[in-house]
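Worksheet: the structure to be examined is printed underneath.
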Amino acid sequence: MNRRNFLSLGLGALAVSMAPSTLSAINFRETKPKAWTATKVDEAIKEVFGTSTVTEGKIKLKAPDIAENGAVIPVTVSTKLNAKTVAIFQDANPETAVAVFTVPENGIIDYSVRIKMAKTGTVTVVADVDGKLVSTSKLVKVTIGGCGG
């Protein structure tokens, strides 16, 4: 029994020691409230990042061309760029901001979320890479009733 206690305490201590010592997250809903009520993508980008000047970059955005159910549209964002902040926007709903991620130093950007879109619109991803904004966009057609047309 002593051996089991020793092993369980040792593994517990190892798990605690491997936990990140500094985790930080920014609540963008509190710090940038106007971004969440912006009705245009450019306005929301400016509220989150301070500027709306973006260039096309090496960000991979995976979303369906045609979404038969606008309530659950899978969106995947990935890049090998060393970004500090990644944000997802869309122009099909009244509020355009969907999600903002603070990326830890040397973090791997490979995020998958499900978003809701009321109608056909463009999904835009913007990343802050060394103070410069890079983005990519994709048009997602939302069909009514799942009829595919």
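Partner lysines whose Cα lies under 21 Å from the Cα of Lys84, excluding those fewer than 8 positions away in the same chain, are identified as Lys32, Lys34, Lys46, Lys58, Lys60, Lys62, Lys132. The slack in the chain from Arg29 to Lys60, taken as 0.36 nm per residue of separation less the alpha-carbon distance, amounts to 8.6 nm. For the range 53-149, the square roots of the Cα gyration tensor eigenvalues, ordered a ≥ b ≥ c, give a/c of at least 1.5 with a/b greater than b/c, which places it in the prolate category. Computed on the range 24-142, with alpha-carbon pairs under 8 angstrom and 6+ residues apart, the relative contact order is 30 percent. Sorting the segments 67-73, 124-130 by their mean number of nearby beta carbons within 10 angstrom, highest to lowest, gives 124-130, 67-73. For Thr143 and Glu105, the difference between the fully extended length at 0.36 nm per residue and the C-alpha to C-alpha distance is 9.7 nm.
Using Cβ point charges alone (K and R +1, D and E -1), the dipole size of the range 24-142 about the Cα centre works out to roughly 160 debye.
For the range 24-142, DSSP calls about 90 percent of its internal beta bridges antiparallel.
Computed from the coordinates by the stated procedures, all read-outs in this text should not be read as laboratory data. The model shown is predicted, which means the values in this text are computed figures rather than measured ones. Backbone-built Cβ (ideal geometry, glycine too); neighbour counts: all protein chains shown.
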